[in-house]
Amino acid sequence: MQNVIARAPLLCYHPADSSAIKQSPMQHSSRFIPQFLISVPQPCPYIPGRLERKAFTILQKPTAQRLHDSLSDQGFRRSQNIIYRPACLHCTACMSVRVATDRFAPSKSQKRTLRRNSSLQRRILAPRASEEQYALFYRYLASRHRNGGMDRMTEREFAAMIERTPIDSRLVEYRDPKTEALVAVCLTDVLKNGVSMVYSFYAPEQMRRSLGVYMIMDHVALAREMRRPYVYLGYWVPGSAKMAYKARFSGLEVYARGAWKPFTRESDFTTA
């Protein structure tokens, strides 16, 4: 795998809409203490018939990177300049998961995925959105997540997702070295103790290559190169078919009941 440091063309962005946000009593007056807010309940995208809400705070310099490192280790995730964690009433199904790089070993199926994609070239970019990336993103959503909400994202909104970051973030591109075709992209945050895969997408017409699985394994390799112990994969819901692939990675840890716990079997983390 070859690393290529490069820069993609710039797209503009506009601030995200905050009309659906209300303030929580948890706020503090000191500017050195993060002010946590609670989002308005929305239909849960993972469990039909339930509502989701999030506890979140704004990442601002000069404390953004340190706060992001600390909260990521407590199960939070970043979206633009917001870092959040589920705060649903009567439900704790969504749990943050990460792969411990020193305990990951690919399965037979994952080894085949590595071989199928061994020719891909990895390029690490500054977080700048391009029209080429947006075109791939749009194809991916149209094929894999139609009517999921994000499929209506404009170029400006896509650029905001990529570029509006107050921390150390990168775009990791994967290209066919023969044609230079862009086949996969991951927006990646660099943490003190690992890398966090914020959002990834890939060429939907190349499903047989298992590019999503490959990107996770390549991020394990990237974290090892950086001498960081974890790859953060976002949230996992026991029983969710959409998220079942995350439980197939050895070395998986789950943030449950206030601590990181090694994953052994799904039933250990099933909630009502």
Residues satisfying the stated conditions in the stretch 57-115, i.e. surrounded by fewer than 15 Cβ atoms within 10 Å (Cβ to Cβ), touching a Ser or Thr at 6+ places or on another chain (Cβ under 9 Å) and polar (S, T, N, Q): GLN74, THR92, SER107, SER109
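Collect the residues in the stretch 101-116 that are of a type outside the set (Phe, Trp, Tyr) and either over 11 Å from ARG209 (Cα atoms) or not assigned by TED's automatic domain parsing to the domain that holds TYR232 (or both), keeping them in residue-number order. Let's see the steps before the verdict.
Of the stretch 101-116, the ones of a type outside the set (Phe, Trp, Tyr) are 101-103, 105-116.
Residues satisfying the conditions are THR101, ASP102, ARG103, ALA105, PRO106, SER107, LYS108, SER109, LYS111.
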Reported set for the stretch 175-196 where residues are in contact with an Asp or Glu (Cβ under 8 Å, 6 or more places away or on another chain) and closer than 17 Å to LYS246 by Cβ is VAL195, SER196
Residue check: is GLN133 closer than 26 Å to PRO229 by Cβ, part of a helix (DSSP H, G or I), in the same structural domain as MET226 (by TED's automatic domain parsing) and modelled with pLDDT of 95 or more? no
Kindly provide the set of residues from the stretch 257-272 that are basic (Lys, Arg) and assigned to a strand (DSSP E or B), ordered by number. LYS261
Condition (residue is farther than 18 Å from ASP218 by Cβ and either among the charged types (D, E, K, R) or in a helix (DSSP H, G or I) (or both)) applied to the stretch 83-90: is it met by at least one residue? yes
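Go through ASP176, ASP189 for me and flag whichever is surrounded by fewer than 22 Cβ atoms within 10 Å (Cβ to Cβ) and either touching a Gly at 6+ places or on another chain (Cβ under 6 Å) or of a type in the set (D, E, K, R) (or both).
Working: ASP189 fails: surrounded by fewer than 22 Cβ atoms within 10 Å (Cβ to Cβ).
Going through ASP176, ASP189 in turn, the sole match is ASP176.
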When every residue in the stretch 236-256 that is among the aliphatic types (A, V, I, L, M) and assigned to a helix (DSSP H, G or I) is compared, the one surrounded by the fewest Cβ atoms within 10 Å (Cβ to Cβ) is ALA241
Out of ALA259, ALA203, ALA244, ALA181, sole residue that is over 26 Å from ARG139 (Cβ atoms), assigned by TED's automatic domain parsing to the domain that holds PRO106 and of a type in the set (A, V, I, L, M, F, W, C): ALA259
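For the subset of the stretch 198-210 comprising residues that are assigned to a strand (DSSP E or B) and surrounded by 19 or more Cβ atoms within 10 Å (Cβ to Cβ), which member is nearest to the chain's Cα centre (by Cα)?
Step one: list which residues in the stretch 198-210 are assigned to a strand (DSSP E or B), which gives 198-202.
In the following step, the residues that additionally are surrounded by 19 or more Cβ atoms within 10 Å (Cβ to Cβ) were identified as 198, 200-202.
Working: VAL198: 2, SER200: 7, PHE201: 10, TYR202: 14 Å.
The residue in question is VAL198.
The values are calculated or read from the model by the stated rules, or taken from the named source; none is laboratory data. Keep in mind that what you see is a predicted model, and the values were worked out from it rather than measured. Glycine also receives a Cβ, built like all others from the backbone with ideal geometry; neighbour counts cover every protein chain displayed.
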